[in-house]
Amino acid sequence: MANIKTVLVTGAKGQLGMALQNEIKPSNYRFVFTDIDELNVTSEKSIIQNIETIKPDFIINCSAFTAVDKAEEENDQAALINDTAVAMISDICYQKSIFLIHISTDYVFDGRNFQPYVESDSTNPLSVYGLTKLSGEKSMILSGCNGVIIRTSWLYSSTGSNFVKTILKLANEREYLTVVSDQIGTPTYVVDLAKAIIKIITNCSEINGVDTYHYSNEGVCSWYDFAKQIASLANINCNIMPIKSSDYTAKAQRPFYSVLDKTKIKTDFELVIPYWLESLKTCINIINGQPTGK
């Protein structure tokens, strides 16, 4: 029992938190899942109290303000959760020698690279959401703690609110949908990301300081391609038509190309990352209550 290490997860009711709860945990790790009712990441007192009680060896910070358009109006709240809270958690992790895994986003890039982004590429966020997430990354690095930043993209799952669930709902209700076709990236199934995080926890002993990694599923598509496959796999007869970003009203600007290069994370942690369409099939089967073959 003495060798069992404790992992504290914040934002446990979100997509990634739920996926972590449902994954098989390594036997020599104890996972403690918290959400805002147990641990309010915007309260230093709440963070300290939980850490002193739980005494974690690792923290996985899944808490985030992820409403990209809403962040344009609620920039103070977005900054509080995506930056200030990260700074407080990181500082305490430094003081207590706790290893921190923090989730960031492809939206720290402006999408003008037009080749897959590596971790060292220059950042230039186009939105308040991207700016606050990048500030959170910088706060973590400045804290001096040991940990990993994982930038990911286009998260979806069988639970919560996400693009897949939205398209399934709308495609069932309408005869046609319009979806932007000029924003290119890669969907990420949160179960695959959760498995990668667990692999990192069990193989991170040599990381000193903060290291940044990119993770998404393999492959490339547009939001339009993604929507077409969602409807097709769910056997929904809906006419999905492509439109340009300029024809879609959104408060926040998105990067036109935000494909992430995963070479570093695959090499360092010996990860085999599934192709996005295969993971989407698995997710759709779960939503429809069908066997996944896993």
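Every read-out reported here was derived from the displayed coordinates using simple, explicitly stated rules and does not represent laboratory data. Model, not experiment: these values are computed from the prediction. We place every Cβ from the backbone using ideal geometry, glycine too, and count neighbours over all the protein chains shown.
Per-structure values
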quantity	calculated
Modelled FRET efficiency - R0 41 Å, VAL220 with LYS45, Cβ distances, 0.05 increments	0.40
Estimated [θ] at 222 nm from DSSP helical runs (n ≥ 4, -39500 (n - 2.57)) normalised by residues in the chain, nearest 500	-11000 deg cm²/dmol
Per-residue ³J(HN,Hα) for the stretch 212-226, Karplus 6.51 cos²θ - 1.76 cosθ + 1.60, θ = phi - 60°, Hz, x for Gly and Pro	10, 10, 10, 9, 8, 5, 7, x, 9, 7, 9, 4, 5, 4, 4
Spatial separation of Cα centroids for the stretch 135-183 and the stretch 207-233, in angstrom	9
Relative contact order %, the chain, counting alpha carbon pairs below 8 Å whose residues are six or more apart	20
Magnitude of the charge dipole, the stretch 136-245, Cβ model with Lys/Arg +1 and Asp/Glu -1, debye to 20	200
Entries in LYS138/LYS266; LYS133/LYS165; LYS5/LYS165 that, when Cα-Cα distance is taken, lie over 27 Å	LYS5/LYS165
Whole-Hz couplings from phi, Karplus 6.51/-1.76/1.60, listed for the stretch 82-98; x for Gly and Pro	7, 10, 4, 4, 5, 4, 5, 4, 4, 4, 5, 4, 5, 5, 9, 6, 9
Amide proton proximity set for PHE31, modelled H, under 5 Å, gap of 5+	VAL7
Unpartnered cysteines - no second Cys beta carbon under 4.7 Å - across the chain	CYS62, CYS204, CYS221, CYS238, CYS283
In order through the stretch 36-45: 3J(HN,Hα) via Karplus (6.51 cos²θ - 1.76 cosθ + 1.60), integer Hz, x for Gly, Pro	4, 5, 9, 9, 8, 5, 8, 10, 4, 4
Listed peptides 209-215, 270-276 by packing density, highest first (mean Cβ within 10 Å)	209-215, 270-276
Among ASP268, ASP110, ASP192, residue whose mean-square fluctuation peaks in a GNM of the chain (springs only between Cα atoms under 10 Å)	ASP268
Most to least packed among 14-22, 250-258 [average Cβ atoms within 10 Å]	14-22, 250-258
For the stretch 1-111, average projected area of the Cα convex hull in nm²	8.0
Bridge type composition, the chain - antiparallel percent by DSSP, nearest 5	5
The stretch 237-294 shape via C-alpha gyration tensor axes, a/c threshold 1.5	oblate
